[in-house]
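Written below as structure tokens is the structure these notes are about.
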Amino acid sequence: MARELTQIELLRELETVAEDNVNRHLKTARDWNPHDYVPWDDGQNFAALGGVDYDPEQSKLDEVAKAAMITNLLTEDNLPSYHRVIADNFSMDSAWGHWVGRWTAEENRHGIAMRDYLVVTRGVDPNALEEARMIHMTNGYDPILAAADRADEMLANGEEIGLLHSVAYVTFQELATRVSHRNTGKACNDPIADRMLQRIAADENLHMIFYRNICGAGMDISPDQTLRAVTDIVTNFQMPGAGMPNFRRHGVLMAKHGIYDLRQHLEEVIQPVLRKWNVFERNDFSPAGEKTREELATFLDQLDKDATRFEEMRDRALAREAAKREKKAS
Ligand SMILES: [Fe+2]
Ligand SMILES: [Fe+2]
């Protein structure tokens, strides 16, 4: 097995790739203003300023759209946690540091737009939203600990949890949020929300491409090591919402109604990225790398089976609910 590159060697080896990709990103990214996506005319003061406080009747969002909006916004709110992981692993120097700053500023825009929209339209309870934000941000979130399943083994092997795990995680996570934002936009049943979330989803896609290119270059210069990191992340992947209040209930609602489910996770997030990296076609892995690839393939087979089982269960549940509704109506 080829020698593993250290964190510093990786940063150095990948620096020109980072530089090229920062430049590519700056050329492709479109500037936009969060205030252009918020229907300010719909707003009114809350009681503290002589108006009326939130009443659930005021919301035009159904339960699914509410759950998805809250989950996606809290995820965006937790940006300091993500910034920490990226800044720690990328360093704040050179193209790496420039990307950390630029990416953080772009991500912040997402939370601003969504919060303004929800508060102005009274889409969700602003008190509950603030309470959840406080809890979620206070807890913080370390996505890389998601790979901690192997932490002991890694320590024993002298492997590092660092740059490669971070870029692998954010590649999948950016694509996951893209899918989730886009489908949430549709679920809101409001052309303004849909446009805003499409705009945000387009940003997430550009972010994903940046990280995917870095991780892809990592795969080329140190194939076994990068595939190990990718496999750690894929087999332990947790959505960034894990740990936020009501995450399970909201996650189930979102999966049940096609905002983000296992099939989408497998076919719209994991597989397209692995295809881009030619994971299953390349021949530059050592026997150890081949073994990792088998582990990944076995995991994906199981994920496919789990997705099918979930879909069957969901179909049955939705059919039962529809029948119940019909019975009530007749
Ligand atoms: Fe975002
Ligand atoms: Fe993003």
| field | Flag if ASN183 is within 16 Å of ligand 1 (Cβ to nearest atom), over 30 Å from ASP41 (Cα atoms), open to solvent by 10 Å² or more (accessible area, probe 1.4 Å) and assigned to a helix (DSSP H, G or I) | value | no
| task | Out of the residues in region 17-51 that are among the hydrophobic types (A, V, I, L, M, F, W, C) and closer than 24 Å to ARG199 by Cα, state the one that is surrounded by the most Cβ atoms within 10 Å (Cβ to Cβ). | result | VAL38
| For GLY218, are the conditions met, namely being open to solvent by less than 10 Å² (accessible area, probe 1.4 Å), over 18 Å from the mean Cα position of the chain (by Cα) and modelled with pLDDT under 95? | no
| field | Test set (1) open to solvent by 10 Å² or more (accessible area, probe 1.4 Å); (2) modelled with pLDDT under 95 - GLU268 fails condition number | value | (2)
| Got a number for residues in region 127-140 being open to solvent by less than 30 Å² (accessible area, probe 1.4 Å) and either within 14 Å of ligand 1 (Cβ to nearest atom) or assigned to a helix (DSSP H, G or I) (or both)? | 3
| note | The lone condition MET92 fails out of (1) away from ligand 2 (no atom under 16 Å from the Cβ); (2) part of a helix (DSSP H, G or I); (3) over 27 Å from ILE135 (Cα atoms) is (2)
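Conditions (1) in a helix (DSSP H, G or I); (2) in contact (Cβ under 8 Å) with a residue 60 or more places away in the chain; (3) within 16 Å of ligand 1 (Cβ to nearest atom); (4) more than 16 Å from THR6 (Cα to Cα), marked per residue:
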site: HIS165; (1), (2), (3), (4): yes, yes, no, no
site: ALA201; (1), (2), (3), (4): yes, no, yes, yes
site: GLY218; (1), (2), (3), (4): yes, yes, no, no
site: THR231; (1), (2), (3), (4): yes, yes, no, yes
| note | Within region 65-89, of all residues that are open to solvent by less than 20 Å² (accessible area, probe 1.4 Å) and away from ligand 2 (no atom under 16 Å from the Cβ), the one farthest from THR184 (Cα to Cα) is ALA67
| Do the conditions hold for ALA105, that is, is it closer than 25 Å to GLU15 by Cβ, surrounded by 15 or more Cβ atoms within 10 Å (Cβ to Cβ) and not hydroxyl-bearing (Ser, Thr, Tyr)? | no
| task | Answer yes or no as to whether HIS25 is closer than 30 Å to ILE221 by Cα and either in a helix (DSSP H, G or I) or without any contact (Cβ under 8 Å) to a residue 40 or more places away in the chain (or both). | result | yes
| Of all residues in region 101-126 being among the basic types (Lys, Arg) and within 16 Å of ligand 1 (Cβ to nearest atom), the one that is nearest to GLN198 (Cα to Cα) | ARG109
| note | Taking region 289-319 and keeping residues open to solvent by less than 40 Å² (accessible area, probe 1.4 Å), of a type in the set (A, V, I, L, M) and in contact with a helix residue (DSSP H, G or I) (Cβ under 8 Å, 6 or more places away or on another chain) leaves LEU296, LEU300, LEU303, ALA307, ALA317
| note | Selection from region 288-307 of residues over 19 Å from GLY218 (Cβ atoms) and touching a residue at least 12 places away in the same chain (Cβ under 8 Å) yields ALA297, PHE299, LEU300, LEU303, ASP304, ASP306, ALA307
| Counting only residues that are touching a Lys or Arg at 6+ places or on another chain (Cβ under 9 Å) and open to solvent by 60 Å² or more (accessible area, probe 1.4 Å), which one in region 271-280 is farthest from GLY218 (Cα to Cα)? | PHE280
| said: Checking the condition within 16 Å of ligand 2 (Cβ to nearest atom) and modelled with pLDDT of 95 or more, which residue from ARG122, ARG195, ARG199 passes? | reply: ARG199
| query | If LEU61 satisfies every condition in (1) open to solvent by 20 Å² or more (accessible area, probe 1.4 Å); (2) in a loop (DSSP other than H, G, I, E, B) but one, which is the exception? | reply | (1)
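The values are calculated or read from the model by the stated rules, or taken from the named source; none is laboratory data. Fair warning: this is a prediction, and the values are worked out from it, not measured in the lab. Virtual Cβ from ideal backbone geometry, glycine too; neighbours counted across all protein chains shown. Just so you know, the surface numbers come from the protein's heavy atoms only, side chains and all, with ligands and any DNA or RNA stripped out. Shrake-Rupley method; radii C 1.70, N 1.55, O 1.52, S 1.80 Å.
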